[in-house]
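J.: Take this structure first; my questions come after.
Laboratory data are not the source of any read-out in this text; all were calculated from the coordinates shown. Here the structure is a predicted model, which is why all the values come from computation and not from measurement. Neighbour counts run over all protein chains shown; Cβ positions are idealised from the backbone, glycine included.
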Amino acid sequence: MSIARHELHTYLQNLLQPHLFKDYCPNGLQVEGAQHIDKLVLGVTASQALIDAAIERQAQGIIVHHGYFWKSEPEVIVGMKQRRIKSLLLNDINLWAYHLPLDCHGQLGNNAQLGDLLGWQWQGFIEGDGPTGLGLWAELPKAMSAAAITSHVQQKLGRQVLHVAPDDRPIKRIGWCTGGAQGYIDKAAALGLDAYISGEISESTVHSARENGIHYFAAGHHATERGGAQALALHLQSELGIHCEFVDIDSPA
Ligand SMILES: [Zn+2]
């Protein structure tokens with residue numbers, strides 16, 4: 001089975017609805033490659049290692065959560081960015097990137113997938129609402145200690161979790177937003193949640209946790225954002241019949 005690039009593009013745009021989002025990067029096709037695709041590699045970040053994995057597999061396309069051309073980055077194509085883009089162009093590989101659309105999708109999104117992985121039925125959003133709502137929260141069927149939450153998340157994500165405790169309160173209502181979303185801790189506290197999970201931690205997150213009275217768990221930016229690309233790979237393979245492989249380039253961050 002193979003699919004034309006423009007057909008796959010239309011399918012992805014309909015599925016992930018990037019026009020609904022105000023984002024820090026262009027969502028959709030970022031680098032154009034071959035016109036026909038029968039093999040796709042999916043991953044968290046369009047790093048050189050992921051591109052090399054796609055070349056090795058003779059894939060004609062890559063889909064990632066973290067692509068290129070972020071608002072804050074230099075616009076010139078030199079150094080690491082030149083090497084990555086050169087590899088894509090020389091090997092005729094298409095690159096699609098979906099940032100917020102792949103965080104927020106109701107089933108395939110990083111946040112929905114993290115909830116599924118942890119076995120938590122989400123009930124509302126941390127920020128915004130509907131298809132662009134960012135971050136989710138759930139009421140646990142029964143209160144858990146922070147130590148029990150830590151070991152559950154560690155076991156499911158296969159990595160260490162850093163926990164900041166405001167006190168020894170048990171956790172009943174818990175929110176989460178994958179990746180670099182530690183800044184939403186104050187919104188999570190304002191919602192009256194007992195705990196909030198994200199990927200990264202900043203110096204200021206510790207003080208927000210202590211002073212706003214909310215447990216904080218940093219579970220890894222990469223580790224919390226594997227779910228979206230993984231779920232999208234399974235979805236595209238079953239819906240479009242093309243070969244899709246999620247390639248995990250491990251990252252301690
Ligand atoms: Zn991210």
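J.: For V76 and Q123 in the same chain, what is the full-extension length gain: residue separation times 0.36 nm, less their Cα-Cα distance, in nm?
T.: 12.6 nm
J.: OK, next. When Lys and Arg each count +1 and Asp and Glu each count -1, what net charge do the other residues less than 13 Å away from R57, Cβ to Cβ, add up to?
T.: Result for the local shell: -3.
J.: Quick check on my link table: of K81/K187; K39/K81; K86/K156; K142/K187, which ones sit more than 28 Å apart, alpha carbon to alpha carbon?
T.: K81/K187; K86/K156
J.: Also, I was wondering about something else. For the stretch 1-81, run through the GluC sites (Glu not before Pro) and keep only the ones in DSSP coil with at most 12 other Cβ atoms within 10 Å of their Cβ.
T.: Listed in order of number, the matching sites are E75.
J.: Remind me, what semi-axes does the stretch 111-253 give for its equivalent ellipsoid, largest first in whole Å, using sqrt of 5 times each Cα gyration tensor eigenvalue?
T.: Equivalent-ellipsoid dimensions as semi-axes: 27, 16, 14 Å.
J.: Quick one: among H99, H19, H163, which has the greatest mean-square fluctuation in a GNM of the chain with alpha-carbon springs under 10 angstrom?
T.: Answer for the Gaussian network model of the chain: H19.
J.: Ok, one more. Of the DSSP beta bridges with both residues in the chain, give the percent that are antiparallel, rounding to the nearest 5.
T.: 45 percent
J.: What is the pair-distance distribution P(r) of the chain, computed from all Cα-Cα distances in 10 Å bins starting at 0, with each bin given as a whole percent?
T.: With a bin width of 10 Å, the distribution comes to 7, 31, 32, 20, 8, 1.
J.: Quick one, what does Rg over Rh come out to for the stretch 3-103 if you take C-alpha atoms and the Kirkwood Rh?
T.: Using only Cα positions, Rg/Rh for the stretch 3-103 is 0.94.
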